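Undergrad: Structure provided below as structure tokens; questions to follow.
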């Protein structure tokens, strides 16, 4: 049996963020470790971006129906792993260059290659910067 709540919180830019967290209750893996592993994967694949603030310990514990100490331990383990950093009262944030973030680097490089190709094509068509940016904004809004 497991829980699959959707965690919602506001990041440092006041943007609503959502996670799906799956915690299994009838297995030997402690819940702090299950949470640590899932956050670690979200960081490694870029689902949690560098510099992004995580939910507070208290808020996450409440939403997942866990003890605050369980979430605090998961965050401490993530900090020990070099994935996040605590900034006191400002909160807990994903580090700028997480270890094992090769997929994140590859993703950034692929996006940069796509952008260069788009910019080249837009220039070939004689599009202005404003026209090109408007086209990207429209594509992102509907893609």
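Since every read-out is calculated from the coordinates, none of them should be taken as a lab result. Since this is a predicted model, take the numbers as computed values, not measurements. Cβ coordinates were reconstructed from backbone atoms using ideal geometry, including for glycine residues, and neighbour counts include every protein chain displayed.
Undergrad: With each pseudo-label sitting 7 Å past Cα toward Cβ, what's the residue 108-residue 125 distance in nm, one decimal?
TA: 2.9 nm
Undergrad: In nm, to one decimal, how far is the residue 136 label point from the residue 27 one, both placed 7 Å along Cα→Cβ?
TA: That separation, rounded to one decimal, is 4.0 nm.
Undergrad: Using the alpha-carbon atoms, what tilt in degrees (0 to 90, nearest 10) does helix 129-142 show relative to the longest principal axis of the chain?
TA: The helix 129-142 is inclined about 40 degrees to the chain.
Undergrad: Let me ask another. What percent of all Cα-Cα pairs in the chain falls in each 5 Å bin, counting up from 0?
TA: P(r) over the chain, rounded to whole percents: 2, 9, 15, 18, 16, 12, 9, 8, 6, 4, 2, 1, 0.
Undergrad: Rounded to the nearest angstrom and ordered from largest down, what semi-axes does the equivalent ellipsoid of the range 30-110 get from its C-alpha gyration tensor (root of 5λ)?
TA: Working: eigenvalues 101, 33, 22 Å².
For the range 30-110, the semi-axes come out at 22, 13, 10 Å.
Undergrad: By how many degrees, between 0 and 90 and to the nearest 10, does the Cα long axis of helix 31-44 differ from the longest principal axis of the chain?
TA: Helix 31-44 sits roughly 10 degrees off the main axis of the chain.
Undergrad: Using alpha carbons only, how many degrees (0 to 90, rounded to 10) separate the axis of helix 68-80 from the longest principal axis of the chain?
TA: 50 degrees
Undergrad: Hey, how much of the P(r) for the range 102-142 falls beyond 15 Å, as a percent of Cα pairs?
TA: Working: 404 of 820 pairs.
Tail fraction, whole percent: 49.
Undergrad: Looking only at the range 34-77, which residues have a backbone nitrogen under 12 Å from a spot 7 Å from the Cα of residue 85 in the C-beta direction?
TA: Output list for this probe position: 51-52.
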